[in-house]
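All remarks here apply to the structure that follows.
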Amino acid sequence: MLSKIILVTGGARSGKSAFAESLYSGNKQVVYIATSKVDDGEMKERVELHKKSRPSEWVTYEGNYDIYKAVTDAENYILDCLTVMSSNIMFDITGNLEKIPQNMQSEVENAVMKEIKNLIKKVEDVQGNLVIVTNEVGSSIVPENHVARVYRDIIGKINQKVARLSSEVYLVTCGIPIKVK
């Protein structure tokens, strides 16, 4: 069996996570790779609601680094979400800089892509399937500050690279998935 790598993108609250989860509907052998950091009460509440919405049999792995370690003998994996993971890695690398030099931008992009490529390789090694959820950031207005523009640019490049690595790509808008690739 060939591994299937699926990228699911869309705007905030577009229904992309629900669609990604629906791809494994009825499947109890799923590892959910969650990338959010819980650093306040609101985020804690959001994470708890998200966990409750998933089947109880699904295993949750939390992290942003060495995410390939989430891969076991399970067949199916969801990474939710690439944009949150990327922002966590970006701020780990850049700290509170107000101007991010090009070499640091490349370092962030390379660090994220290394994580994704290692995860994909490990999933392929176990002949598993991987669904990656990410935000589409190129359809919005140009951010007014440098850090936000850099983040948008990095995510745009990462999404393009991950789409090329994927066997299928879906854009979800208003809860409706559209197959792009």
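Name the single residue, out of those in the stretch 117-133 being surrounded by 18 or more Cβ atoms within 10 Å (Cβ to Cβ) and out of contact with any Asp or Glu (no Cβ under 9 Å at 6 or more places or on another chain), that is nearest to VAL180 (Cα to Cα).
Within the stretch 117-133, the match that is nearest to VAL180 (Cα to Cα) is ILE120.
What do you reckon, is VAL131 modelled with pLDDT of 95 or more, assigned to a strand (DSSP E or B) and within 13 Å of the chain's Cα centre (by Cα)? Don't jump to the end; show me each part of the working.
Values: modelled with pLDDT of 95 or more: yes; assigned to a strand (DSSP E or B): yes; within 13 Å of the chain's Cα centre (by Cα): yes.
Against the criterion (modelled with pLDDT of 95 or more, assigned to a strand (DSSP E or B) and within 13 Å of the chain's Cα centre (by Cα)), VAL131 qualifies.
Restricting the search to the stretch 55-87, which residues are in contact with a strand residue (DSSP E or B) (Cβ under 7 Å, 6 or more places away or on another chain), over 23 Å from GLN127 (Cβ atoms) and of a type outside the set (A, V, I, L, M, F, W, C)?
Once the filter is applied, which keeps residues that are in contact with a strand residue (DSSP E or B) (Cβ under 7 Å, 6 or more places away or on another chain), over 23 Å from GLN127 (Cβ atoms) and of a type outside the set (A, V, I, L, M, F, W, C), the stretch 55-87 yields GLU62, THR83.
Do we find that PRO101 is out of contact with any Pro (no Cβ under 9 Å at 6 or more places or on another chain) and at pLDDT below 95 in this structure?
No; evaluated as a whole, the condition is false for this residue.
For ILE178, which of the numbered conditions (1) free of Cβ contacts under 8 Å to residues at least 24 places away in the same chain; (2) surrounded by 16 or more Cβ atoms within 10 Å (Cβ to Cβ); (3) touching a strand residue (DSSP E or B) at 6+ places or on another chain (Cβ under 8 Å) fails to hold?
Answer for ILE178: the failing condition is (2).
Taking the stated definitions as given, is GLU136 open to solvent by less than 80 Å² (accessible area, probe 1.4 Å) and among the charged types (D, E, K, R)?
Values: open to solvent by less than 80 Å² (accessible area, probe 1.4 Å): yes; among the charged types (D, E, K, R): yes.
So GLU136 fits the description; yes.
The values are calculated or read from the model by the stated rules, or taken from the named source; none is laboratory data. None of these values were measured; they are calculated from a predicted model. Methodologically, a virtual Cβ is constructed for each residue, glycine included, from the backbone with ideal geometry; neighbour enumeration extends over all protein chains shown. Each accessible area value is taken on the protein alone, full model and side chains, heavy atoms only, with ligands, DNA and RNA left out. Shrake-Rupley method; radii C 1.70, N 1.55, O 1.52, S 1.80 Å.
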